[in-house]
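Visitor: Here it is, the structure, as structure tokens.
The values are calculated or read from the model by the stated rules, or taken from the named source; none is laboratory data. Predicted model only: the values in this text are computed from it and were never measured. We place every Cβ from the backbone using ideal geometry, glycine too, and count neighbours over all the protein chains shown. The accessibility values were calculated without ligands, DNA or RNA, using every heavy atom of the protein model including side chains. Shrake-Rupley method; radii C 1.70, N 1.55, O 1.52, S 1.80 Å.
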Amino acid sequence: MRGRRIRFNLVNLFLWLLGGGLLAFAAFGSFLTLVEGRIQPSQWQSLVIAGIALGSVYALIALGYTLVYGILFMINFAHGEVFMWGAFTAFFAATALNDAGLMVSNPVLAFFLVLATSMLVSMLVAIMLERIAYRPLRGAPRLVPLITAIGASLFLQYTARGFYGSGVRAYPDYTLFDGTISIGFLSLSVKQAVVILAAVGLMLALYVFINRTRTGRAMRAVSEDKDVAAMMGINVDRIIVTTFAIGGLLAGAAGILYTLIFNQVLFFMGFLPGIKAFTAAVLGGIGNVIGAALGGLILGVVEQLGPNLFLSGYGVPSPNQLKDVIAFSVLVLVLIFRPSGLLGRKENT
Amino acid sequence: MQKYMRWSGMLVVLMLILAACQSGDGGSSSEPSAGESDPPASQGGGGAADCDADEFGCIELAEGDPIVIGTALVLTGANETLGLDSQYGAQVANELRPEIAGHEVEFNFQDDGCSTEGGTAAARALVSEENIAGVIGTSCSSAGIPAAEILSAEGIMLVSASNTAPSLTAPDTHEAFYARTAHNDSIQGAAMAQFVCEVLGLTTAATIDDGSAYADQLAAVFAAEFPSQCDGSITAEEAVTVGQTDFTGVLENIAADSPEFLYFPIFVAEGALITQQARETSGLDDTALGGADGILTPDWIAAAGSAANGTYLSGPDLAFSGDFYADEFLPAYTDVSGESEPISVFHAHAFDAYNMLADAIEAAAFTDGGTTYIPRSALRDAFFATSGYEGITGTLTCDENGDCADAKISVSEVQDGDFVRIWPEE
């Protein structure tokens, strides 16, 4: 008993030393970089804005992970593919509208049409996923739906590949969002502004939905305790489907916002953002909606800023190749100091 | 105790079953091979002796058997045009020369995935094909490195039409059965450095590679050549990862030194994104962009959109002398591929690779009692002895490390969504 306790403390000590060391390394690196002064303030600013834009996309996907986890305690690894289907739908809708000329004659309407179709398709994919892949396994051990999720993810990926081929497809240009705007000393491209605003709007809408509507209250009740919620007359199945549908809608929106920034779609594109968004959800505390949004933003900004800020001062060659290392180190750091994530519920750990 | 006995009993039974299975397998596979190798040994004294003398044995083809040529080209993913283009080149060559050494050619198409894993998988699949005569591939250098190793260990020729990484034919790292008809990037990187210095007159440059063998080595050659060509200086040598989509961090870091030229000899997906994002990076407004043959495909222009305009790309010079290319090859290419024009730039190299391989096979092959024997080492020696071969891409002569190309590099500029060859002047 006693020996075990000492070992436990040693492990803890080691983890704290590791965490402290990483923090000190990053802080000293930032100091060196800033003293060197090679990168201009305007560049730091555009890095932060790019990080926020990317982070809001991560946040939208992360919300889908966290909502489903909050209710079913399962990790829906196919969620990245729901996002990918949204992006593909947006690609086809945008190309069709572009061919029809609507993108030129009425770009605002065209944008909202594309947004609506891709959100709808992603929602349908998410609902089908729940109905076909997860519901039959509702009572199974937790490992079983996890494996199913990976299978479903591969299925969705390679279905897209079968339909649309394995090449990269470029998006038609939205001339609507060309140009830059400057607010005071800030200057950002219209695309980034649209992405950030749309993401923030959707997250606010979700927050209001969860906290102010009857369905939202029912979702919270199911997340607290499924059985009691069922006894209170809540249709648990319907709430679960609703949760998947909302996650799908957000992923669809993330899909079109992502393609707005990066202009191309690929059948494999859901994988990395999916992993990143999952990381963001864990970072913020999985199961917590605000945590997912926060985690996404932090991850996005750290990814953009981190390599240049922490590493370039040390003279590390090509620091930006290590941006994923930095992103995941942040995850490790957060989990060392706060094992349930930044805003995670204690009882979940 | 009894429990343990039972377990160990089961273990013994399991092991016995396993052993039985293995010996069963061994028996069944050794029988036919013995059956195959026996008759020639008894029939033709000379032939069998040659085959026995050859370290890797012979390819044996009974009368009427097809001769199998493998390909390991990238057929899926963002870089599929690179592989398909080479495949069409080989197929055109095959249409004009459907038989090698009296045997009809049958292709075995494998996908190299433009990655180390893909190259390994493709090479293993081809090695398991009995009597495979040779392989055309790979498309990407990163796939070529493991594929060359695997195929060379079995004595199978691998001839690449588009691998350009210097390490593949460097004396220390060259695999014995590897050769290529594509240029070596020590030439392409130097040519690009010369172009940037002499034609564009720029003196500062930054490079981005994606960690693949091709990009890493080509960027390094450029970075080594550029300072020596015109007192130029390299401001940054950055790297990204394959599959990355956001390059703001890299580009801002590079923009801090505002280089006049940004060279990113990488592949289609990342190359298109870097092109777009570099145009939107404020510190790179006046920076000229340049890439290499990895993105010299209409797919890249389609993916990069209008941002592609004004970019300089190096690659093999397709202004071939002779009428064959325009009059016969291109129409045949259109027939085979269904494309109106070539979708990448290494089809002619693949055409030459097929024909050189065919010539080497015919030089090494001999017939005995209706069976064709091709000793593998003799095939390799015949290929490496290729000298003054008149192909589409020029006059090809192989050196001892497998560099066969008659390397001519040209630079194109993207103008209004099309590649326009601008250097060297014809």
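Visitor: Restricting to Cα pairs below 8 Å that are 6+ residues apart, what does the relative contact order work out to for the stretch B:271-380? Please round to a whole percent. Don't skip to the answer; put the middle values down first.
Guide: Values: 85 pairs, mean separation 22.5, N = 110.
Relative contact order of the stretch B:271-380: 20 percent.
Visitor: Normalised by the residues of the stretch A:42-304, what does the relative contact order come to in percent, with Cα pairs under 8 Å and at least six apart?
Guide: 45
Visitor: With n ≥ 4 as the cut-off for DSSP H runs, can you work out [θ] at 222 nm for chain B, using -39500 (n - 2.57) per run divided by the number of residues, rounded to the nearest 500?
Guide: Result for chain B: -14000 deg cm²/dmol, rounded to the nearest 500.
Visitor: May I pose another question? Suppose every K and R has +1 on its Cβ and every D and E has -1 on its Cβ; what is the size of the dipole of the protein assembly as shown about the Cα centre, in Debye to the nearest 20? Before the final figure, lay out the partial values.
Guide: Details: 33 positive and 80 negative charges, 1486 e Å.
Roughly 7140 debye for the protein assembly as shown.
Visitor: Using θ = phi - 60° and the Karplus relation 6.51 cos²θ - 1.76 cosθ + 1.60, list the HN-Hα couplings for the stretch A:281-286 in order, rounded to whole Hz, with x at every Gly or Pro.
Guide: Karplus-based 3J(HN,Hα) across the stretch A:281-286 equals 5, 5, 4, x, x, 5 Hz.
Visitor: For the stretch B:186-310, what does the relative contact order come out to in percent, with C-alpha contacts under 8 Å and a separation of six or more? Don't skip to the end; give the middle numbers.
Guide: Values: 215 pairs, mean separation 30.8, N = 125.
Taking the mean separation of contacting Cα pairs over the length of the stretch B:186-310, I get 25 percent.
Visitor: Let me ask something else about it. Among residues other than residue B:319 whose Cβ falls under 10 Å from its Cβ, what is the net charge (Lys/Arg +1, Asp/Glu -1)? It would help to have the intermediate numbers written out before the result.
Guide: Values: positive: B:408, B:421; negative: B:317, B:426.
Local net charge: 0.
Visitor: Would you tally the net charge around residue B:159, using a Cβ to Cβ cut-off of less than 13 Å, leaving residue B:159 out, and scoring K and R as +1, D and E as -1?
Guide: Net charge in that neighbourhood comes out at -2.
Visitor: Charges on Cβ only, +1 for Lys and Arg, -1 for Asp and Glu, centred on the Cα centroid of the stretch A:42-304; of A:210, A:300, A:54, which one is farthest towards the dipole's positive end?
Guide: About the Cα centre, the residue reaching furthest to the positive side is A:210.
Visitor: Can you pull a Stokes-Einstein diffusion coefficient for chain B at 10 °C (1.306 mPa s), Rh from Kirkwood over Cα pairs, as a whole number of µm²/s? Present the calculation step by step, with values, prior to reporting the outcome.
Guide: Values: Rh = 23.1 Å.
The calculation lands on 69 µm²/s.
Visitor: I've got another one for you. Just going by the charge dipole of chain B, with Lys and Arg at +1 and Asp and Glu at -1 on Cβ, which of B:91, B:108, B:276 is farthest out on the positive end?
Guide: The residue sitting most towards the positive pole is B:108.
Visitor: Based on the inverse mean of 1/r over its pairs of different Cα atoms, what is the Kirkwood hydrodynamic radius of the stretch A:31-111, in Å?
Guide: Every distinct Cα pair counted, the radius reaches 16.4 Å.
Visitor: Ratio of Rg to Rh for the protein assembly as shown, alpha carbon only, Kirkwood?
Guide: Using Cα coordinates only, the ratio equals 1.02.
Visitor: For the stretch A:42-304, what's the radius of gyration and Dmax over Cα atoms, in angstrom?
Guide: My reading of the Cα-based Rg and Dmax gives 18.3, 58 Å.
Visitor: Sticking with this one: Relative to the isolated chain, which residues of the stretch A:18-42 have their accessible area cut by 20 Å² or more in the presence of all protein chains (1.4 Å probe, heavy atoms, no ligands or nucleic acids)?
Guide: A:38
Visitor: Right, next: For peptide A:169-179, what's the mean number of Cβ atoms from other chains within 10 Å of each residue's Cβ?
Guide: 2
Visitor: For the stretch A:65-122, what does the equivalent ellipsoid look like in terms of its semi-axes, each the square root of 5 times an eigenvalue of the Cα gyration tensor, given largest first in whole Å? Mind dumping the intermediate values first?
Guide: Values: eigenvalues 194, 22, 6 Å².
Values for the stretch A:65-122, descending: 31, 11, 6 Å.
Visitor: Limiting things to C-alpha atoms, what are the Rg and the maximum Cα-Cα separation (Dmax) for the stretch A:232-349, in angstroms?
Guide: Final numbers for Rg and Dmax: 17.0, 62 Å.
Visitor: Could you work out [θ]222 nm for chain A from helices alone, using -39500 (n - 2.57) per DSSP H run of at least four and dividing by all its residues? Round to the nearest 500 deg cm²/dmol.
Guide: -24500 deg cm²/dmol
Visitor: Considering the alpha-carbon set of the stretch B:186-310 alone, what are its Rg and its Dmax in angstrom?
Guide: For the stretch B:186-310, the Cα radius of gyration and maximum Cα-Cα distance read 13.0, 36 Å.
Visitor: Express the accessible area of chain A per residue in Å², computed with a 1.4 Å probe while the remaining protein chains stay in the model.
Guide: Per residue, chain A has an accessible area of 46 Å².
Visitor: Can you give the Kirkwood hydrodynamic radius for the stretch B:325-426, in Å, rounded to one decimal and based on Cα pairs?
Guide: So the Kirkwood estimate lands at 16.2 Å.
Visitor: Other chains' Cβ within 10 Å of A:46-53 residues: what's the mean?
Guide: 4
Visitor: If you don't mind, another one. Any idea what the dipole of the stretch B:218-271 comes to, in debye rounded to 20, about its Cα centre with Lys/Arg Cβ at +1 and Asp/Glu Cβ at -1? Mind showing how you got there, number by number?
Guide: Working: 0 positive and 9 negative charges, 26 e Å.
Dipole size: approximately 120 debye.
Visitor: In terms of Cα to Cα distance under 18 Å, which aspartates and glutamates are near enough to residue B:408, apart from those fewer than 8 places away along the same chain?
Guide: B:185, B:198, B:225, B:293, B:317, B:323, B:352, B:390, B:399, B:425, B:426
Visitor: Can you tell me which of B:236-247, B:51-62, A:284-295 comes out highest on packing, and rank the rest after it, using the mean Cβ neighbours within 10 Å?
Guide: A:284-295, B:236-247, B:51-62
Visitor: Now, a different point. State the three equivalent ellipsoid semi-axes of the stretch A:55-95, derived from the C-alpha gyration tensor as the square roots of 5 times its eigenvalues, in descending order and whole Å. Intermediate results must be reported in sequence, preceding the final value.
Guide: Details: eigenvalues 110, 25, 8 Å².
Rounded to whole Å, the semi-axes are 23, 11, 6.
Visitor: Right, something else. If one takes the accessible area of chain B alone plus chain A alone and subtracts that of the pair, with a 1.4 Å probe, what total in Å², rounded to the nearest 100, results?
Guide: 2300
Visitor: Could I ask something else about it? So what's the net charge close to residue A:94: Lys and Arg +1, Asp and Glu -1, counting the other residues with Cβ under 13 Å from its Cβ?
Guide: Value of the local net charge: -1.
Visitor: What is the mean number of Cβ atoms from other protein chains located within 10 Å of the Cβ atom of each residue in peptide A:256-268, rounded to a whole number?
Guide: That average works out to 4.
Visitor: Right, something else. Only Lys, Arg, Asp and Glu count, each charged at its Cβ (+1, +1, -1, -1), so figure out the dipole size of chain A about its Cα centre, rounded to 20 debye.
Guide: 1160
Visitor: Hey, can you list the residues from the stretch A:321-338 whose accessible area shrinks by 40 Å² or more with all protein chains present, relative to the chain by itself (probe 1.4 Å, no ligands or nucleic acids)?
Guide: With the partner chains in place, the stretch A:321-338 has these residues losing at least 40 Å²: A:321, A:323.
Visitor: Oh, and also: Could you work out what % of the accessible surface of the protein assembly as shown is carbon and sulfur, using a 1.4 angstrom probe and leaving DNA, RNA and ligands out of the count?
Guide: Of the solvent-accessible surface of the protein assembly as shown, carbon and sulfur hold 60 percent.
Visitor: Looking only at Cα atoms, what is the convex hull volume of the stretch A:96-149 per residue, in Å³?
Guide: On the way: hull volume 4.4 nm³, N = 54.
Here the figure is 82 Å³ per residue.
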